[in-house]
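The values are calculated or read from the model by the stated rules, or taken from the named source; none is laboratory data. Small disclaimer: the values here were computed from a predicted structure and weren't measured. As a convention, Cβ positions derive from the backbone with ideal geometry for all residues, glycine included, and neighbour counts pool all protein chains shown.
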Amino acid sequence: MSKLRISLFIAIFGLLVSSCDKDDDNNPVVTVTVPSQLSVSNAQFFPEDVVVHDNKVYVSGFGDGSIQKFDLTQSTATAQQIATAENSTYTASWGLNIDVSKSTLLNIANAPYFFNGSVAAPAKVNAYKLSDNSKVSSWTLPTGTVGNSIVVANGFYYIGDIGPTTRIIKLNPNDGSTTIKTDAQWSNGFGFGGMIYANNGIYGVHGGKMWYIPVASNGDLGTVSEVTGISNVFADGMTWAGNNTIYYCENDAQNPANAGKVWKVTLSSNTAGTAMLASIPNNGSLNNPSGIFYKEINSKKYLFVNESQIFNTPTTPFKVNIHEIN
């Protein structure tokens, strides 16, 4: 081989090695550790909802109004408080979701509500910047609203009202305007538990039934349909797992026997499906399971499940159980 060819070979090889080094620098390998459990030691916390995004786990506090964050890229993920109750009125932190388009964490803040029809103040939706946890927006919902779950779809936010008036509040985050959705099939008294967005619509649970409400491209909510094939549904948290699969928590609040369950719903169409108990440890003896979230990490599938212990004498630390599923 001539000296010229050898020189060219060395030069090209050097460029390739340099390019690989740059790719590695720009896309460093991130090690993610998924434990079997996360914990919060604050005895006033009472975990309500949970959401997982970008290897971070966010958990809301029903009891103290805070939001805790766990970083799964740490060797041992520990609770970091990123938000507190904003004042003495809004001391209950409920539903969570991520607005990916705005890079914000959404949280519903409520005055304490004891399911007796008395609403001290309307719920708020607060938005926190994911990069630094700062609060960047806040919207007050219509009078009498007790917000439970929050859904993001087509640029709008949809809040399920669990208070005395059964309804879904559509919130435009650009101007703060709201639109209220009610239906003759829904009765007042105890409103919406869990709520998620999937199959171009919202799935919500009320009155022992699961409902499907299509969402138009302009954000309008369409005709309400019951999801047939499942009954006696009492869902607190709900999560979408893809492949026409929904998981939800049956919260056994005020039952000292600890009889909480996680259910798996398999849809055969947008408005029909079947339900069975999920295959996770201790299912049927959970202590008031509330929030639940499905996430695939490192090609493995996980369910994050809060045991809220709401209305019970709590045993600390509070737990977020993490189950690998098939």
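Annotations for the structure displayed:
- Residue among Phe311, Phe318 that alone is crowded, with 24+ Cβ neighbours inside 10 Å and either charged (D, E, K, R) or farther than 24 Å from Thr245 by Cβ (or both): Phe318
- Matching residues, region 264-290, being touching a residue at least 40 places away in the same chain (Cβ under 8 Å) and part of a loop (DSSP other than H, G, I, E, B): Asn270, Thr271, Ala278, Ser279, Ile280, Pro281
- From the list Ser187, Ser149, the lone residue that is polar (S, T, N, Q), surrounded by fewer than 19 Cβ atoms within 10 Å (Cβ to Cβ) and either within 16 Å of the chain's Cα centre (by Cα) or modelled with pLDDT of 95 or more (or both) is Ser187.
- Leu105 vs. criteria farther than 21 Å from Lys319 by Cβ and either at pLDDT 95 or above or not in a loop (DSSP other than H, G, I, E, B) (or both): yes
- Which numbered condition Ser131 fails, given (1) crowded, with 17+ Cβ neighbours inside 10 Å; (2) free of Cβ contacts under 8 Å to residues at least 40 places away in the same chain: (1)
- Residue list for region 197-220, restricted to those being touching a residue at least 40 places away in the same chain (Cβ under 8 Å) and crowded, with 20+ Cβ neighbours inside 10 Å: Ala198, Gly201, Ile202, Tyr203, Gly204, Val205, His206, Met210, Tyr212, Val215
- Among residues of region 221-235 that are of a type in the set (Ser, Thr, Tyr), those with a Cβ under 8 angstrom from a residue that is part of a loop (DSSP other than H, G, I, E, B), sequence gap 6+ or separate chain, pair up as Ser225/Asn270; Ser225/Thr271; Thr228/Thr271; Ser231/Gly208.
- Among the conditions (1) surrounded by 24 or more Cβ atoms within 10 Å (Cβ to Cβ); (2) within 20 Å of Leu267 (Cα to Cα); (3) modelled with pLDDT of 95 or more; (4) not charged (D, E, K, R), the only one that Gly194 does not satisfy is (3).
- Single residue of region 225-236 satisfying the filter (buried (at least 20 other Cβ atoms within 10 Å of the Cβ) and closer than 18 Å to Thr166 by Cβ) that is modelled with the highest pLDDT: Val227
- Any hit, region 249-263, residues being assigned to a loop (DSSP other than H, G, I, E, B) and buried (at least 19 other Cβ atoms within 10 Å of the Cβ): yes
- Hits in region 253-275 - residues which are among the aliphatic types (A, V, I, L, M), modelled with pLDDT of 95 or more and under 16 Å from Ile292 (Cα atoms): Val262, Val265
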